[in-house]
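Only the coordinates and a few stated rules stand behind these numbers; no lab work does. For clarity, every value in this text was computed on a predicted model and none was experimentally measured. Positions of Cβ are backbone-derived with ideal geometry, glycine not excepted, and every protein chain shown enters the neighbour counts.
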Amino acid sequence: MKSKRTSRSGTAARARTAAGKVRRTTGATDRRRPPTAARTGRASAGPAETPAVRKRRARRIANILFAAYSDARCMLDHRSAWELLVATILAAQCTDERVNMVTPELFARFPTPEAMASADTAEIEALVRSTGFFRSKAKSVQGASAEIARRFGGRCPRTIEELVTLPGVGRKTANVVLGTCFDTPAIIVDTHVRRVVSERLALADSDDPDEIERQLQPLLAPSDWTRFSHALTFHGRRCCHARKPACPGCPVARLCPWPQKTAAPATA
Ligand code: SF4
């Protein structure tokens with residue numbers, strides 16, 4: 001496979017001109033070819049998968065993952081929607097475990113949105129420092145808390161339209177809060193969900209979290225959206241790892257079109 005690609009690109013790179021001179025080309029011929037799964041690393045279910053077939057496959061994947069990860073849930077510790085909002089802001093580019101180590105002291109020191117809003121920013125920064133990007137996270141946590149105190153009477157808003165107006169809050173954070181605290185159907189596209197559904201299972205064909213959310217919505221009943229998101233996150237953490245997925249033990253391997261599935265180790 002590798003030698004074939006080398007040969008094709010070598011031919012393209014050394015095309016002869018009419019004068020007989022060897023001319024290096026830009027590889028434009030290659031760029032015109034539509035991307036394939038093998039070249040992009042993203043799986044494709046192929047043209048034969050109609051929307052109805054994809055829906056059925058998604059349903060089967062969801063049922064298997066629900067059974068495999070019956071303990072799937074939001075892993076960020078919290079006692080209120082506001083605390084979960086803050087924890088989710090802190091969880092960007094950071095593990096849930098690390099955030100859970102930081103938030104008890106943060107919420108003990110600043111137990112309400114009002115207290116967080118009037119805090120010394122440097123003190124918030126010091127408390128959240130170990131989660132990384134601590135200056136921008138402290139700014140977002142304080143800004144969102146100030147808006148909740150000022151515009152929403154200290155209570156976390158319950159709609160996505162209101163939530164995304166808060167500083168540092170995008171659709172992912174808003175959906176975490178809605179799906180976990182307010183029982184509102186929400187598809188949460190974190191880094192694991194993006195990888196598993198877009199690159200591996202081919203239930204979506206975009207890298208953009210908002211577009212992935214839009215493509216997943218019609219595949220399942222809204223009542224399953226949040227549960228499916230958590231199950232996908234667990235699957236990404238425990239099995240469909242970014243570097244070397246554990247395909248031989250994967251419960252949805254038969255429904256996965258990823259062309260680079262890992263093989264079971266050879267037995268002696
Ligand atoms: S078969 Fe492999 S790549 Fe496909 S979902 Fe399972 S672990 Fe991920």
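Taking the conditions exactly as written (surrounded by 15 or more Cβ atoms within 10 Å (Cβ to Cβ) and either within 15 Å of the ligand (Cβ to nearest atom) or within 14 Å of Asp190 (Cβ to Cβ) (or both)), does Leu255 satisfy them or not? It is true that Leu255 is surrounded by 15 or more Cβ atoms within 10 Å (Cβ to Cβ) and either within 15 Å of the ligand (Cβ to nearest atom) or within 14 Å of Asp190 (Cβ to Cβ) (or both). The numbered conditions (1) more than 19 Å from Phe66 (Cα to Cα); (2) crowded, with 21+ Cβ neighbours inside 10 Å; (3) within 15 Å of the ligand (Cβ to nearest atom) are all true for Thr173 except (3). I'd like the full set of residues that are touching an Asp or Glu at 6+ places or on another chain (Cβ under 8 Å) and closer than 23 Å to Arg151 by Cβ, limited to region 87-120. Listed by number, the residues that qualify are Ala87, Phe107.
Across region 89-129, what is the total count of residues that are among the hydroxyl-bearing types (Ser, Thr, Tyr), assigned to a loop (DSSP other than H, G, I, E, B) and touching a helix residue (DSSP H, G or I) at 6+ places or on another chain (Cβ under 6 Å)?
0
The residue list Gly170, Gly179 contains one member that is touching a helix residue (DSSP H, G or I) at 6+ places or on another chain (Cβ under 6 Å), within 20 Å of Met75 (Cα to Cα) and among the small types (Gly, Ala, Ser), which is Gly179.
Of all positions in region 193-216, at least one carries a residue that is under 21 Å from Pro51 (Cβ atoms), free of Cβ contacts under 8 Å to residues at least 24 places away in the same chain, small (Gly, Ala, Ser) and buried (at least 19 other Cβ atoms within 10 Å of the Cβ).
Before we move on, is Ala246 within 26 Å of Gly46 (Cβ to Cβ), within 15 Å of the ligand (Cβ to nearest atom) and touching a Cys at 6+ places or on another chain (Cβ under 7 Å)? So Ala246 fits the description; yes. Picking from residues in region 130-170 that are of a type in the set (Gly, Ala, Ser), touching a residue at least 40 places away in the same chain (Cβ under 8 Å) and in a helix (DSSP H, G or I), the one that is surrounded by the fewest Cβ atoms within 10 Å (Cβ to Cβ) is Ser140.
Tally up the residues in region 214-234 that are under 10 Å from the mean Cα position of the chain (by Cα) and of a type outside the set (Val, Ile, Thr), please.
Number of matching residues: 2.
Against the numbered list (1) in contact (Cβ under 8 Å) with a residue 60 or more places away in the chain; (2) surrounded by 14 or more Cβ atoms within 10 Å (Cβ to Cβ); (3) within 16 Å of the ligand (Cβ to nearest atom), Gln260 comes up short only at (2).
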